[in-house]
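Shown next, in structure tokens, is the structure this report addresses.
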Amino acid sequence: MPESEAKTASGVSGKSTDPVIELRGVEKHYQMGEFLVKALKGIDLKILPGDYISILGPSGCGKSTMLNILGCLDQPSVGNYFLDGLDVAQLTDDDLSGVRGKKLGFIFQSYNLIQQLSVVENIEVPLYYQGVHEDESREIAVELAKKVGLGKRLDHKPTELSGGQQQRVAIARALSNDPAVILADEATGNLDSKSGGDILGIFDDLNADGKTLIMITHDEGMAKRTPRVIRLKDGLIEFDTYTEITK
Amino acid sequence: MKSSLVREFSFFRLKRSVILGIKSLWMHKLRSFLTALGIVFGVASVISMLAIGEGASYEAQEQIKELGSQNIILESVKPTNTTTAGEQERSLILEYGLTYRDIAQIQATVPGVELTVPSREIKDFLWGGSNSVDGIALGTVPWFPTMKNRDLIRGRYFTEMEMKDRSPVCVLTESLARQLYPLKEPIGQTVRMKTSYFRVVGVIEDDPVVAAAEEDLQSSSESSEGMEMMIPITTLEDHFGEVLFKYRSGSFEAEKVELHEVTARIEDPNQVMPAALAIQHILERNHSEVDYKMTVPLDLLRRAERTKQIFNIVLGSIAAISLLVGGIGIMNIMLATVTERTREIGIRRALGAKKKDIVFQFLIETVILSGAGGVLGVGVGLGIPLMVTYFADMVTIIQFWAPTLAFGISVTIGVLFGIYPAFRAADMNPVEALRHE
Ligand SMILES: Nc1ncnc2c1ncn2[C@@H]1O[C@H](COP(=O)(O)OP(=O)(O)OP(=O)(O)O)[C@@H](O)[C@H]1O
Ligand SMILES: [Mg+2]
């Protein structure tokens, strides 16, 4: 049934732009001892290709939970998630790994680089899991490192880099498989305003190149740079530029 | 074309995984080394224990084979029984041991007895030219060398004619010949014992059992043991009579021993044990006290084989346990590693790693660890037997399959004990893994 729904959904709205991401009544529950914590309480959301979105909201409102679901790292407790018209609930664990590796790029607040690998090797990780050949993957990684301004740091270990530099490695890594959607969870949260600004500049360029970009932020000023803003509160969408406009 | 691409791809993947595994292990050099050490000792103990055990049993079997597996060896033994003390006082001559009657009965009643080699020995000084040595005159038969597997080095053994004629001829053992005629050709020379002279006709190799025993003992100072002069048993009787006089600790002792040693050869190897039983019955009937000793090399050989089996089982279990302990050590460390690297696992999963990729990564790491331990262990395991041979002068035998087997086991242990930690790593929830500090 969800599959047919998916088809009709894309069939109906699919004239010019099908949403790359669609959430329908998504809830996420956590069992904490005797209590059921509802981190998300019913999210409906459509994201179109090329969207540039800031997600705002107070701490604990469910931003990261929603982004993890969007990133196929987690599954909704209730509701459906369609990625490129495909019901994610129907996918196997291996399929999900494939989706994460090919269609999605992650950038985390704490960089999450692999400590024993160098800058290039970190950038190559997603390519390795897609079976890209050694020479080709090295070429891509070096090019991306140059693009984020780390051309001279190729063989450095993460511990030898500043926070801003590490985050740029993480961005290069997120881009290595040329994903359609990039998800960033407080990517600038640990950085000063200068390096944070640099990172946002890279994001602007990526969006200009046609990538869909979704980022969580606490900074209203940064949210102003993105055409679309979503505000969450207590597991629900409080404000969404898109729905405001379509109203 | 496509299949070659796939092959290249998986090879590339394996290579990358191995490099990655080495990098991760290298991050904790000491820990990895200590973990591998468990396997090193396990593998080394398997190889060296097998080599030492194999060598020891080989040595024992060789010694027993020298005695002849178809032979039954009977020896006269002076009874230790003190109840005969009264009798002894009455008759001054102590009479004991194997008799010609025993031999005649054995030959007549035990089926399949091919030959018997009776022999008698007299201990006294042997003189050759101006040299003398404390030695033994051994009265025996012409077929003695064949049955005892003793090679002639020079000249010939005495013949049946010479035995019949009671000729004064003799054959010297190699060491005796060297003592008496160190510079001269011994053949053709004479050797004297008491007042009798014997002409040397040949030189025979030393008794290998005695030679081996001698090496173990301190020195060859009072070794009349290897200093044997073999003469026809008939000649011996003629020259030295039946009674033996010895001067010992202030008093004369007279002994009468008809035969000191008899070797019976059984034609059919399968009949050796029954024949031994039959001979035992005859001797028990003829002798009121146990003044003889029976040695059955085949029986010894079988016992040695049984001992070797037990030895191998015990050594095998010890080695297996040490490998098991090594394996548990590896598993323990890998579980700790998986916990420690939970975040890395989460990152990899977020970046597109499938569960099997994670399993593979950790399994490869375990196999590298145990394989490296195995290689080191083979090295140490080949070294220990060499040292044992060099310092303890023991025979060690490394069978070609032992290092292969031990290495194979170490890798297998890596896989077996790596599977659980690897699956635990792969089964982690990506979100939780990423949240892990
Ligand atoms: N694994 C979990 N188990 C139980 N409760 C959880 C779990 N993950 C999240 N929660 C709860 O869900 C709610 C939303 O958490 P989430 O991490 O999405 O907040 P957030 O909006 O990202 O906050 P922040 O801005 O501080 O990062 C919180 O109340 C949190 O306690
Ligand atoms: Mg968060």
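Scanning segment A:192-247 for residues that are closer than 25 Å to A:Glu27 by Cβ, among the charged types (D, E, K, R) and within 16 Å of ligand 2 (Cβ to nearest atom) gives A:Arg231, A:Lys233, A:Asp234.
Within segment A:56-68, residues that are hydrophobic (A, V, I, L, M, F, W, C) and more than 8 Å from ligand 2 (Cβ to nearest atom) sit with their Cβ atoms under 7 Å from residues that are open to solvent by less than 20 Å² (accessible area, probe 1.4 Å) and assigned to a helix (DSSP H, G or I), at 6+ positions apart or across chains, in these pairs: A:Leu56/A:Ala223. Screening B:Ser322 on (1) of a type in the set (Gly, Ala, Ser); (2) closer than 17 Å to B:Phe33 by Cβ; (3) open to solvent by 10 Å² or more (accessible area, probe 1.4 Å) shows it passes everything except condition (2). Yes or no: segment A:89-98 includes at least one residue that is facing another protein chain (nearest Cβ under 9 Å), more than 13 Å from the chain's Cα centre (by Cα), open to solvent by 50 Å² or more (accessible area, probe 1.4 Å) and modelled with pLDDT of 90 or more. Within segment A:89-98 (the criterion being facing another protein chain (nearest Cβ under 9 Å), more than 13 Å from the chain's Cα centre (by Cα), open to solvent by 50 Å² or more (accessible area, probe 1.4 Å) and modelled with pLDDT of 90 or more), the answer is yes, since at least one residue qualifies. No other residue among A:Ile214, A:Ile230, A:Ile182, A:Ile171 is at pLDDT 90 or above, more than 16 Å from ligand 1 (Cβ to nearest atom), open to solvent by less than 30 Å² (accessible area, probe 1.4 Å) and assigned to a strand (DSSP E or B) apart from A:Ile182. Among residues of segment A:110-134 that are at the interface with chain B (Cβ under 7 Å from one of its Cβ atoms), those with a Cβ under 9 angstrom from a residue that is β-branched (Val, Ile, Thr) and open to solvent by 10 Å² or more (accessible area, probe 1.4 Å), sequence gap 6+ or separate chain, pair up as A:Pro126/A:Val132.
Please return the ranges of helices (runs of 4 or more DSSP H) entirely within segment B:326-437 where 1 or more residues are more than 14 Å from chain A (Cβ to nearest Cβ) and away from ligand 1 (no atom under 16 Å from the Cβ).
B:355-392, B:401-426
How many residues does segment B:284-298 contain that are open to solvent by less than 40 Å² (accessible area, probe 1.4 Å) and assigned to a helix (DSSP H, G or I)? Going through segment B:284-298 one residue at a time, the tally reaches 3. The single condition among (1) more than 23 Å from A:Leu200 (Cβ to Cβ); (2) over 21 Å from the mean Cα position of the chain (by Cα); (3) among the acidic types (Asp, Glu) that A:Glu124 does not meet is (2).
Of all the listed residues (B:Glu237, B:Glu222), the sole one being open to solvent by 30 Å² or more (accessible area, probe 1.4 Å), modelled with pLDDT under 85 and within 30 Å of B:Glu59 (Cβ to Cβ) is B:Glu222.
Of the residues making up segment A:106-137, just one is part of a helix (DSSP H, G or I), open to solvent by less than 20 Å² (accessible area, probe 1.4 Å) and of a type in the set (Phe, Trp, Tyr), namely A:Tyr129. Those strands (runs of 3 or more DSSP E) of segment B:76-194 in which 3 or more residues are at pLDDT 85 or above occupy B:113-128, B:131-140, B:152-155, B:169-173, B:190-193.
Is one or more of the residues making up segment A:78-90 in a loop (DSSP other than H, G, I, E, B), over 26 Å from A:Leu127 (Cα atoms) and within 16 Å of ligand 1 (Cβ to nearest atom)? Within segment A:78-90, not a single residue is in a loop (DSSP other than H, G, I, E, B), over 26 Å from A:Leu127 (Cα atoms) and within 16 Å of ligand 1 (Cβ to nearest atom).
Annotation: of all residues in segment A:217-226 being surrounded by 13 or more Cβ atoms within 10 Å (Cβ to Cβ) and away from ligand 1 (no atom under 16 Å from the Cβ), the one that is farthest from the other protein chains (Cβ to nearest Cβ) is A:Arg225. Scanning segment A:35-63 for residues that are away from ligand 1 (no atom under 13 Å from the Cβ) and open to solvent by 20 Å² or more (accessible area, probe 1.4 Å) yields A:Gly42, A:Asp44, A:Lys46, A:Leu48, A:Pro49, A:Gly50, A:Asp51.
Looking at segment A:100-124, which of its residues are β-branched (Val, Ile, Thr) and over 22 Å from A:Glu186 (Cα atoms)? Lay out the reasoning, then the answer.
We begin by selecting, within segment A:100-124, every residue β-branched (Val, Ile, Thr); these are A:107, A:114, A:119-120, A:123.
Within segment A:100-124, just A:Val120 meets the criteria.
Scanning segment A:138-168 for residues that are away from chain B (no Cβ under 14 Å), open to solvent by less than 20 Å² (accessible area, probe 1.4 Å) and of a type in the set (Gly, Ala, Ser) gives A:Ala145, A:Gly164.
The condition of being touching a residue at least 40 places away in the same chain (Cβ under 8 Å), at the interface with chain B (Cβ under 9 Å from one of its Cβ atoms), more than 16 Å from ligand 2 (Cβ to nearest atom) and among the small types (Gly, Ala, Ser) holds for only one of A:Gly85, A:Gly101, that being A:Gly101.
Of all the residues in segment A:233-247, those that are assigned to a helix (DSSP H, G or I) and of a type in the set (Phe, Trp, Tyr) number 1.
Determine which member of the set A:Ile53, A:Ile43, A:Ile47, A:Ile69 is within 14 Å of another protein chain (Cβ to nearest Cβ) and out of contact with any helix residue (DSSP H, G or I) (no Cβ under 6 Å at 6 or more places or on another chain).
The match here is A:Ile69.
The values are calculated or read from the model by the stated rules, or taken from the named source; none is laboratory data. The shown structure was predicted, so the numbers you read here are calculated from the model rather than taken from an experiment. Positions of Cβ are backbone-derived with ideal geometry, glycine not excepted, and every protein chain shown enters the neighbour counts. With ligands, DNA and RNA removed, areas are computed over all heavy atoms of the protein, side chains included. Shrake-Rupley method; radii C 1.70, N 1.55, O 1.52, S 1.80 Å.
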